[in-house]
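Colleague: I have a structure I would like to understand better, so I am pasting it below and will then ask my questions one at a time.
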Amino acid sequence: MNEIQREIICIVCPTGCRINVSGDDPQALSITGSECKRGKEYALKEITDPRRTLITTVQLNHGRLRRLPVRTNVEIPKRSIFPCMEIVNRTEVEAPVEVGQVIISDILGTGADIVATRSMTRV
Ligand code: SF4
C-alpha cells in the first residue's frame, strides 16, 4: 500500500484540531495533533471508511412545493454519494408525505433509508 500522508481537520467539536495521519500500514498509522481520543477515532475513520449523511431533495408531485427535502437516516460510504444521487434524481414522490416517511429503502444496499425531513400536504 502507498504511504498515507494526510492532514484532517477534526469536526467532532468546535476546537477544530489539525490531525496528521501518516504511515503505510493501515493497521498501525501514526496519528498526531488530536487533543483527544474522539479526534483520533474520527481521523482514523476518515482514512479507512469515510462516511457522510446525504442531504438533498426529490421531485414531489401534487405537493405544496415541487421538491421534498430528504436525507439518509444513517451515514453512507462517501464513495456511494454520487451513485445514490443518481437514484434520488430519478425518484418522484406523490404527496401527501409525512416527516420520517421512507422514500427509498436501503438505497444501493448501503443499509440506509432515504427519509422525508418534512411533511407535505397534497394540493
Ligand atoms: S481532536 Fe478532540 S478536541 Fe480536537 S477538535 Fe477533535 S474532538 Fe475536539
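Colleague: Assuming 0.36 nm per residue, please report the length gained on full extension of the stretch residue 62 to residue 3 beyond their Cα-Cα distance. The partial results should precede the final answer.
Modeller: Numbers: separation 59, 0.36 × 59 = 21.24 nm, distance 5.33 nm.
Full-extension gain reported as 15.9 nm.
Colleague: Now a separate question. Return the FRET efficiency for the residue pair residue 20, residue 53: r is the Cβ-Cβ distance, R0 is 22 Å, and the value is rounded to the nearest 0.05.
Modeller: Working: r = 26 Å, r/R0 = 1.17.
With a Förster radius of 22 Å, E is 0.30.
Colleague: Follow-up question, since we're still on this one. What residues have an amide H closer than 5 Å to that of residue 63, excluding those fewer than 5 places away on the same chain, when H is modeled at 1.01 Å from N in the peptide plane?
Modeller: 95, 123
Colleague: From the backbone phi of the stretch 96-107, what are the Karplus-calculated ³J(HN,Hα) couplings (6.51 cos²θ - 1.76 cosθ + 1.60, θ = phi - 60°) in whole Hz, Gly and Pro given as x?
Modeller: x, 10, 9, 4, x, 5, 6, 9, 9, 8, 6, 4
Colleague: Once amide H atoms are built 1.01 Å from N in the peptide plane, which residues 5 or more positions from residue 58, or in another chain, come under 5 Å H to H?
Modeller: 68, 70
Colleague: Rounded to whole Hz and in sequence order, give me ³J(HN,Hα) for the stretch 43-58 from the Karplus expression 6.51 cos²θ - 1.76 cosθ + 1.60, θ = phi - 60°, writing x for Gly and Pro.
Modeller: With coefficients 6.51, -1.76 and 1.60, one gets 5, 5, 5, 4, 7, 8, 7, x, 10, 9, 7, 8, 10, 7, 9, 10 Hz.
Colleague: Amide H to amide H under 5 Å from residue 34: which residues, 5+ apart in sequence or cross-chain, H placed 1.01 Å off N in plane?
Modeller: So residue 34 has HN proximity to 20.
Colleague: Please list 3J(HN,Hα) in residue order for the stretch 85-91, calculated via the Karplus relation 6.51 cos²θ - 1.76 cosθ + 1.60 where θ = phi - 60°; whole Hz, with x for glycine and proline.
Modeller: Residue by residue, the stretch 85-91 yields 4, 5, 5, 4, 5, 9, 8 Hz.
Colleague: Below 8 Å, C-alpha to C-alpha, sequence gap of six or more: please give me the relative contact order for the chain in percent. Mind showing how you got there, number by number?
Modeller: Working: 235 pairs, mean separation 23.5, N = 123.
Reported as a whole number, the value is 19 percent.
Here, each number is a calculation from the coordinates, and none is a lab measurement. Keep in mind the model is a prediction, meaning the values are calculated, not measured. Neighbour counts are summed over all protein chains in view; Cβ atoms, including those assigned to glycine, are modelled from backbone coordinates with ideal geometry.
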